[in-house]
Amino acid sequence: QVQLVESGGGLVQPGGSLRLSCAASGFTFSSYAMSWYRQAPGKERELVAVITSTSGSTNYANSVKGRFTISRDNAKNTVYLQMNSLKPEDTAVYYCNARRSYSWRDYDYWGQGTQVTVSS
């Protein structure tokens with residue numbers, strides 16, 4: 001059974017840091033691109049960061065570039081999101097995503113989400 005188990009969310013003051021973790025099981029982790037998405041109140045879900053399965057290259061939303069870092073440890077089947085210099089607008093539910101895409105089908109798995117609240 002595929003599972004993505006997230007941890008590390010919580011309440012933090014502006015300028016603070018959090019590290020989110022997503023532990024994966026039930027699929028070949030190293031073959032999947034891993035991403036973090038977020039959904040803020042009143043807004044649609046948006047891609048925050050992605051790390052590929054092959055080259056390990058990363059991409060970030062412009063709003064978090066320079067502040068967030070995505071990384072993966074294939075030996076531990078875990079993806080991380082280090083979040084620094086947090087702003088109130090970073091407040092959202094953060095979701096872990098695993099994706100492997102073909103022209104005929106997408107394999108797409110999601111975690112349950114974890115709340116991040118940035119407030120003084």
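The values are calculated or read from the model by the stated rules, or taken from the named source; none is laboratory data. Keep in mind that this is a model prediction, so the values were computed, not measured. Here the Cβ positions follow ideal geometry from the backbone for every residue, glycine too, while neighbour counts run over all protein chains shown. Protein only, heavy atoms only, side chains kept; ligands, DNA and RNA dropped before computing areas. Shrake-Rupley method; radii C 1.70, N 1.55, O 1.52, S 1.80 Å.
Listed values, structure above:
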read-out	value
Selection from segment 66-80 of residues that are within 20 Å of residue 7 (Cα to Cα), open to solvent by 60 Å² or more (accessible area, probe 1.4 Å) and either in contact with a strand residue (DSSP E or B) (Cβ under 9 Å, 6 or more places away or on another chain) or part of a strand (DSSP E or B) (or both)	69, 76
Flag for residue 79 being farther than 18 Å from residue 29 by Cα and aliphatic (A, V, I, L, M)	no
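The rows are residues; the columns are (1) open to solvent by less than 30 Å² (accessible area, probe 1.4 Å); (2) at pLDDT below 95; (3) part of a loop (DSSP other than H, G, I, E, B).
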{"residue": "34", "(1), (2), (3)": "yes, no, no"}
{"residue": "41", "(1), (2), (3)": "no, yes, yes"}
{"residue": "47", "(1), (2), (3)": "no, no, no"}
{"residue": "53", "(1), (2), (3)": "no, yes, yes"}
{"residue": "64", "(1), (2), (3)": "yes, no, yes"}
{"residue": "82", "(1), (2), (3)": "no, no, no"}
{"residue": "85", "(1), (2), (3)": "no, no, yes"}
{"residue": "97", "(1), (2), (3)": "yes, no, no"}
{"residue": "117", "(1), (2), (3)": "no, no, no"}
